[in-house]
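Contents: one structure, followed by commentary.
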Amino acid sequence: MKLQELFKKLPIDEKYNFDINKITTNTNEIEKGSLFIAIKGTAVDTHNRKYIDEAYKKGARAFITEEEVRIPSDAVQFVVSDTRKTVGLIASTFYGHPSQSLKIIGITGTKGKTSCTFILKSMLEKLGKKCGIIGTSGAFFGSEHIELKNTTPDPITLQSLLRKAVDMGLEYILMEVSSQAMKQWRVMGTKFLITAFTNISPDHIGPTEHKDFDEYLSWKRKFLMLSKKVIMNSDDEHFVEMTAPMKNKIITVGETGKDFTMTNVSENSFELNGRSIETNLMGKYNMHNLALSIATLNEVGFRMDDLVTATSNIFIPGRMEIIEKKERKFVIDYAHNKLSLLNLLAEIKSWNPERIIVVVGTVGERTFERRHEIPEAINQYGNEAIFTADNPNHEDPEKIASEMASHSLIPTKVIADRKNAIETAYRDSNPGDVIVVAGKGDETHQLINGERVHYSDREIIEKL
């Protein structure tokens, strides 16, 4: 692609109209013919002379920056007000505006995003539609699974994935969109058919994320306003606050929903506008996820009769995933904050197990409030807690686990090695007990000192 094609409204001297075969914000990825976009990050500012020189030496001859930087005369520079906003727009153009050829359903919320995307995928496939997922568990396109570093990938990766989806003949993309993704403008250049909101509670608040809950809520709202129509869980306590400034059409679903009203909600069934819905999913929170998904697809254009028949045999990897071992139940779940853990443990408590043993940790270097909130949730329903590692990164996992243990009011152990923690829980258990392994779900790595090290809760449990 010629540089002029990326900047159609800006005349470019022919001597600078280079062939661009790659766009990147990472100097490690630069090759001849790359367009380099400098970013002012929280840890690194690639406007720094070191990175500009490195980019040039590796073959970049076109630069996008937020300030004038010194470059050789055989290179060209474009100065913009915000390079983060620019990346997505440039990437979308570079990959041929793929979102315009897809029907993208965007889901946001503190919890339930992943569950909703897999529910939607299951239902759409039963309805004969080709679809893919982009989210916490990675990208799922057909039989291909692509691991991702973030719930919502960086804009260049995102646009390349959407291009791949178009080339594979997919029609629908079900995408989780995080508040951090919005704050960093990762979805700029992406067109959404419809957006949906699950719920919101205080989370992702800290020096490297959101300064307070108001900012967190604000970025969630900004995402929901990207589509003409939004599906909202009206039962959420922040519903009025969330929707008050919104100008797009709001469709409500929930026990208080006016457009889609839930009644007779049980652990695996409910009625939606008078229609009986039964499913293999468990837990009232999953009934709300399913109702939101049904409402979303109905608003997209699917008949309610067809949707009701598509609600059976839904599998959500790493969410309420049960593995039985010698009269004990292991439950693998991604629950990693107070509210999601409370919902999960309340559901398990309703099974009347002999005891509930919880193995859980929390991430290093951020969301520090979870270190007391997670133990507080376990105190309400658990009989034993084992605090362990969960993506500690550069922080000492034993220190994190010990901080969590200091807030526990039930029998507690600190075992930083997660494999050892699961094995200990199994040895401590008796027939009739439920061992909850929470926080990672179907993740296949631990983040340790900046490196993604292979690890899977499921693999550890299956080998016991």
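The values are calculated or read from the model by the stated rules, or taken from the named source; none is laboratory data. Owing to the predicted nature of the structure, the values given are computational and were not obtained by experimental measurement. Note that each Cβ is placed from the backbone with ideal geometry, even for glycine, and that neighbours are counted across all protein chains shown.
Before moving on, here are some points about what is shown:
- Residue selected from the stretch 70-91 under the condition outside the structural domain of ASN17 (by TED's automatic domain parsing) and within 17 Å of ILE30 (Cα to Cα), by the criterion surrounded by the fewest Cβ atoms within 10 Å (Cβ to Cβ): ILE90
- Listed here are the helices (runs of 4 or more DSSP H) enclosed by the stretch 142-259 that have at least 2 residues being assigned by TED's automatic domain parsing to the domain that holds LEU127, among the small types (Gly, Ala, Ser) and touching a helix residue (DSSP H, G or I) at 6+ places or on another chain (Cβ under 7 Å), and there are none.
- Filter result (crowded, with 22+ Cβ neighbours inside 10 Å and free of Cβ contacts under 8 Å to residues at least 40 places away in the same chain) within the stretch 245-256: GLY254
- Subset tally (residues that are surrounded by 20 or more Cβ atoms within 10 Å (Cβ to Cβ) and more than 30 Å from HIS394 (Cβ to Cβ)) for the stretch 311-329: 5
- For the stretch 92-116, taking the residues that are part of a helix (DSSP H, G or I) and either touching a strand residue (DSSP E or B) at 6+ places or on another chain (Cβ under 6 Å) or modelled with pLDDT under 95 (or both), the one that is surrounded by the fewest Cβ atoms within 10 Å (Cβ to Cβ) is identified as PHE94.
- The one condition from (1) out of contact with any strand residue (DSSP E or B) (no Cβ under 9 Å at 6 or more places or on another chain); (2) over 17 Å from SER99 (Cβ atoms); (3) surrounded by fewer than 18 Cβ atoms within 10 Å (Cβ to Cβ) that GLN184 does not meet is (3).
- Number of residues in the stretch 351-409 that are in a helix (DSSP H, G or I), of a type in the set (A, V, I, L, M, F, W, C) and touching a helix residue (DSSP H, G or I) at 6+ places or on another chain (Cβ under 8 Å): the value is 6.
- Any hit, the stretch 378-389, residues being touching a residue at least 60 places away in the same chain (Cβ under 8 Å) and more than 14 Å from ASP457 (Cα to Cα): no
- Applying the condition of being assigned to a loop (DSSP other than H, G, I, E, B) and out of contact with any Asp or Glu (no Cβ under 9 Å at 6 or more places or on another chain) to the stretch 47-69 and asking which residue is surrounded by the most Cβ atoms within 10 Å (Cβ to Cβ) yields VAL69.
- In the set (1) more than 16 Å from PRO155 (Cβ to Cβ); (2) free of Cβ contacts under 8 Å to residues at least 60 places away in the same chain, the condition left unmet by LYS40 is number (1).
- Screening LYS399 on (1) over 30 Å from ASN449 (Cβ atoms); (2) of a type outside the set (Asp, Glu); (3) without any contact (Cβ under 8 Å) to a residue 12 or more places away in the chain shows it passes everything except condition (1).
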